[in-house]
Amino acid sequence: MEIDKIKSVYFIGIGGIGMSALARYFKFIGKDVAGYDKTPTQLTDELKEAGIDIHFEDNLSAIAEEYKEKESTLVVVTPAIPVDHKEWNYYKDNGFVIKKRSEVLGIVTKDTYCFAVAGTHGKTTTTSILGHVLFQAGIDVTAFVGGVVENYQTNLIGSGKTVTVVEADEFDRSFLRLYPDTACITSTEADHLDIFGTAEEMLQAFKDFANKIEDKSRFFTTESVYLDGVKVGFGADSNYRVENIVVKDGWYVFDIVTPKEVVQNVKFGLPGHHNISNALVAFAMAYNYGVEVSKLVTGLESFRGVRRRFSYKIKNERLVYIDDYAHHPTEIKAVSQAVHEMYGDKKILAVFQPHLFSRTRDFMSEFAEALSTFDHVVLLDIYPARELPIEGITSSALLEQVKSKTKVLVAKEELISFLKQSDAEVILTIGAGDIGEMVTEIKNELE
């Protein structure tokens with residue numbers, strides 16, 4: 001596939017966070033871009049505002065004729081597409097070039113200097129920080145991010161042609177289709193066992209990804225990842241480490257020890273030690289690439305976060321409302337650590353929507369343990385995404401194992417009414433399902 005010969009790009013599943021970044025990229029470089037998705041979302045609204053035609057019915061007549069020209073059209077599909085999808089089958093039966101998102105990302109970035117960020121947790125924030133600091137340092141970069149970066153209100157940073165930053169997704173082993181020059185792995189905890197089968201198989205995929213980097217001086221891992229590479233973390237044995245962390249006026253201030261020097265009084269605004277770790281990984285990768293220290297420090301201080309990653313929606317003396325994408329027990333624990341560090345003296349209410357029946361089944365006790373770190377918990381029903389129900393796997397079953405002071409199961413349509421009656425001083429909404437589509441309405445009603 002030669003991108004120069006493509007005139008039109010059609011996306012099936014255009015509203016996905018990774019798909020939408022590619023759609024923006026192709027629109028930016030002058031291609032005609034359109035697509036289908038199952039339901040309208042904030043992301044699809046933003047794509048339409050950018051001039052991308054989107055429809056929400058699986059209907060061949062809704063596809064413009066320019067996207068039916070086989071010789072000049074690329075079709076990009078999401079792995080979650082059902083086998084009976086009419087549009088997908090039309091393109092397949094008629095011999096169009098059809099690629100998965102990860103394949104296209106690999107082709108787009110192959111002839112660039114590519115930074116790839118992998119890990120079961122932390123990769124979106126780390127990718128965002130790395131893309132931001134490189135862009136702010138004047139590097140000719142384009143970053144494809146799995147979240148909307150608050151500094152830019154988009155998931156595509158920059159328009160460079162020589163350097164790329166990509167979020168390397170382990171789902172469906174997608175990251176093995178990339179060609180990284182520098183890479184990191186932030187975490188290898190078990191997840192997506194519906195795809196991998198076992199934690200061992202998932203770890204093998206990460207090992208295969210790590211092997212794409214022959215020069216291990218350009219491969220970075222956190223202290224929890226037991227693979228050879230440059231270690232980044234808080235311990236004395238790490239090659240890059242953070243020391244002397246203090247909180248001042250809502251900022252973390254700390255020193256970074258590199259293999260060459262000590263960088264003092266670095267400021268970073270995202271709460272939680274997991275976010276300090278994400279920032280340190282991004283710093284180390286950019287430092288190794290040769291970016292000036294002063295520009296890296298400025299970039300970290302100016303980074304404002306990622307939508308749905310500890311995103312403040314309301315922050316006043318009466319009420320704090322925070323939204324987060326956390327959908328794995330470790331991520332929930334990280335959010336809990338952050339919010340209790342910042343607001344431990346206030347009444348905190350956590351609202352969680354479990355994502356996938358299989359994930360809830362595989363980590364039932366771990367979810368219960370993580371949620372029990374909050375005194376007050378609200379559960380919504382499990383968001384199924386691509387799955388059918390599994391007998392006995394319900395939010396009620398999960399709630400029984402939670403040991404919080406107060407805990408309740410609430411129907412999604414009754415959540416806003418419940419929250420308006422709550423006396424909580426800090427409210428968290430957590431989850432990767434369609435709870436994210438409720439955030440704006442919750443914010444407006446609580447205000």
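The values are calculated or read from the model by the stated rules, or taken from the named source; none is laboratory data. Everything numeric in this text was worked out from a predicted model, so none of it was measured. No Cβ is skipped: glycine too gets one built from the backbone with ideal geometry, and neighbour counts run over all protein chains shown. Each accessible area value is taken on the protein alone, full model and side chains, heavy atoms only, with ligands, DNA and RNA left out. Shrake-Rupley method; radii C 1.70, N 1.55, O 1.52, S 1.80 Å.
What the table below lists for this structure:
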quantity: Gained length - residue 304 relative to residue 214, 0.36 nm times residue gap less alpha-carbon distance; calculated: 29.0 nm
quantity: Per residue value of the accessible surface for the chain (all protein chains in place, 1.4 Å probe), Å²; calculated: 42
quantity: Dipole in debye (nearest 20) - region 59-176, about Cα centre, beta carbon charges: Lys, Arg +1; Asp, Glu -1; calculated: 180
quantity: Hypothetical label at residue 345: residues of region 413-447 whose amide nitrogen lies under 19 Å (7 Å Cα-Cβ projection); calculated: 424-427
quantity: Antiparallel content of DSSP bridges confined to the chain, in %, to 5; calculated: 25
quantity: Cut-off under 5 Å, modelled amide H: who pairs with residue 142 long-range; calculated: 160, 163, 164, 165
quantity: Share of carbon and sulfur in the accessible heavy-atom surface of the chain [1.4 Å probe, %]; calculated: 47
quantity: Computed lengthening from residue 422 to residue 319, 0.36 nm per intervening residue step minus Cα-Cα distance; calculated: 36.0 nm
quantity: The chain, helix-only ellipticity at 222 nm - DSSP H runs n ≥ 4, -39,500 (n - 2.57), divided by all residues, nearest 500; calculated: -9500 deg cm²/dmol
quantity: Bridge type composition, region 171-301 - antiparallel percent by DSSP, nearest 5; calculated: 60
quantity: Contour excess over end-to-end distance, with Cα ends at residue 445 and residue 224 and 0.36 nm allotted per residue; calculated: 75.5 nm
quantity: Given charges at beta-carbon only (K, R positive; D, E negative), |dipole| of region 52-126 in Debye; calculated: 480
quantity: Alpha-carbon centroids, region 253-292 and region 1-63: separation in whole Å; calculated: 36
quantity: Rounded to whole Hz, the Karplus (6.51, -1.76, 1.60) HN-Hα couplings of region 428-436, x for glycine and proline; calculated: 10, 10, 9, x, 9, x, 7, 4, x
quantity: Probe 1.4 Å - accessible area at residue 154, Å² to nearest ten; calculated: 20
quantity: Gaussian network model of the chain, Cα within-10 Å springs - most flexible of 75, 247, 104; calculated: 247
quantity: Accessible surface of residue 289 - all protein chains present, 1.4 Å probe, nearest 10 Å²; calculated: 80
quantity: Where a label projected 7 Å from the Cα of residue 28 along Cα→Cβ would reach, residues of region 162-181 with amide N under 15 Å; calculated: 162-167
quantity: Distance between region 69-84 and region 227-251 - C-alpha centres, whole angstrom; calculated: 43
